[in-house]
Structure formats: structure tokens, C-alpha cells
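Would you mind keeping the following structure in view while I ask a few things?
The values are calculated or read from the model by the stated rules, or taken from the named source; none is laboratory data. All values reported here derive from a predicted model rather than from experimental measurement. Cβ coordinates were reconstructed from backbone atoms using ideal geometry, including for glycine residues, and neighbour counts include every protein chain displayed.
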Amino acid sequence: MIQAWRRVGDRLSLYLPVLLMGLLALGTWWLVRNAPQPVASGTEKAVAHEPDYFMKDFSIKSFDATGRLKSQIEGSMGRHYPDTDTLEIDNVRMFAVSPEGRITRGSAKRALSNADGSEVQMFGNAVVTREPFVTAGKQPQPQLQFQGEFLHAWPNEERVSSNQPVVLTRDKDRFTADSMQYSNLDLVMKLQGRVRGTLQPSRTK
């Protein structure tokens, strides 16, 4: 009887390494399956809408290839947001001059500008003024001014629009509207909503 059990033990000892290797492989498979997923790399994370630098009492100027001043933006405080590459400006003042010499000025309590200042959204007591100008061979153009709580300006394209009520003053004429689109290059004005106007008689020589 003792010899029989001894023979069984000898046979089991032959298969013991195989059983241990099987258990080890099973444990390795379980660990791999239940291991936590790798953390996503930093480049895949969404960039937070937070400023990466500030400017105080600043002025940004833009020049053309000949060194002529094209535009200038000033403010009491500026915050740059890298996720949108925009600049938020407090107490903004804007200046732009076209290649023909037409001057446009703007101001507001707050503004949002793109990187090169070619698109500016102005909020709170916003005013955009195109100064009078004379083009050779054409009739002189009087001062044109837009006022509202929101104005959207494209200085390089000489365009102004708003989806909110605006007041338009052209020389001594005055108009109000619920929204507006204006292109100085095309000399096209579109007033929408409740439009009212007051026209002053022209002076006769």
C-alpha cells in the first residue's frame, strides 16, 4: 500500500512543474486584463480658456510692408487666451487707416480682438467713427459714426455690423435701427428692424 502511494506521488511530481507553469501563465493573463489603462498624453487634453499673459496700459501697432502704420489698438488691460488666440481688452481704443488714407477710430468699454487686429468685437458704449475724407474726382464724404452696445468691426475691410440696436449719424442726418451692416468699400448700408431717420436739408450755395 505504501509503495502504491509512493508511485502516485512520483507521478504527480513529474506533472508539478507543468501545473505551476500553467498557474503562472493564468495569473499573468489576469493581471494584464485588469491593469489600469494608460493616462492620456497631455497633448490630447483640452486647453482651458484661461489667459496665458496680461498687459497693462498697452498699445499694439501694425505696419504694412513699406513701414506705414495700418492700425493701432490700445487698452488699460489686455488678456491673451491661447486656446482661441484672441485678446480681450478693457477700455479699448482703436485706430485704422486704409491705403487711400481713410481713417477709422473706435472705442468701447471692452473688446475682443483676433491675433492681428483685423476683426474686433466691441461691447459696452461702443463707438466707431469714419472720419471725413475726399477722394480725387469724387464727392467729399462726411463723417460717419456708429453707436451701440455692440459693434463688430473689420478695420482692414472697412466693414461694421451689429445684431443689436444702433444709432447711425452721417454729418447731421441721424438713423436708428435694430441691426445694421455697412461696407465702406462697397458704399452699401443695410438697416434692419425698426428703422427711423431724420434728414437735415442740404445747404444751398
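When the residues of segment 100-115 are filtered to those that are in contact (Cβ under 8 Å) with a residue 40 or more places away in the chain and in a strand (DSSP E or B), which remaining residue is farthest from the chain's Cα centre (by Cα)?
Among residues in segment 100-115 that are in contact (Cβ under 8 Å) with a residue 40 or more places away in the chain and in a strand (DSSP E or B), the one farthest from the chain's Cα centre (by Cα) is THR104.
Out of everything in segment 116-160 that is in a strand (DSSP E or B) and β-branched (Val, Ile, Thr), what residue ends up being farthest from GLU74 (Cα to Cα)?
Of everything passing the filter in segment 116-160, VAL160 is farthest from GLU74 (Cα to Cα).
Within segment 107-128, which residues are buried (at least 17 other Cβ atoms within 10 Å of the Cβ) and touching a helix residue (DSSP H, G or I) at 6+ places or on another chain (Cβ under 8 Å)?
Matches in segment 107-128: GLY117, VAL120.
Answer yes or no: is there a residue in segment 76-96 that is outside any loop (DSSP other than H, G, I, E, B), in contact (Cβ under 8 Å) with a residue 40 or more places away in the chain and of a type in the set (Val, Ile, Thr).
So far as segment 76-96 goes, no, none of its residues is outside any loop (DSSP other than H, G, I, E, B), in contact (Cβ under 8 Å) with a residue 40 or more places away in the chain and of a type in the set (Val, Ile, Thr).
While we're here: Can you tell me which residues in segment 182-191 are assigned to a strand (DSSP E or B) and either surrounded by 13 or more Cβ atoms within 10 Å (Cβ to Cβ) or in contact with a Pro (Cβ under 6 Å, 6 or more places away or on another chain) (or both)?
TYR182, SER183, MET189, LEU191, listed by residue number.
Return the total of residues in segment 154-181 being farther than 28 Å from LYS70 by Cα, surrounded by fewer than 16 Cβ atoms within 10 Å (Cβ to Cβ) and either in contact with a Leu (Cβ under 8 Å, 6 or more places away or on another chain) or not assigned by TED's automatic domain parsing to the domain that holds GLN72 (or both).
Summing the residues that are farther than 28 Å from LYS70 by Cα, surrounded by fewer than 16 Cβ atoms within 10 Å (Cβ to Cβ) and either in contact with a Leu (Cβ under 8 Å, 6 or more places away or on another chain) or not assigned by TED's automatic domain parsing to the domain that holds GLN72 (or both) in segment 154-181 gives 2.
From the list PHE123, PHE63, PHE146, pick out the single residue that is modelled with pLDDT under 90 and either closer than 24 Å to LYS172 by Cα or out of contact with any Gly (no Cβ under 6 Å at 6 or more places or on another chain) (or both).
Answer to the selection: PHE63.
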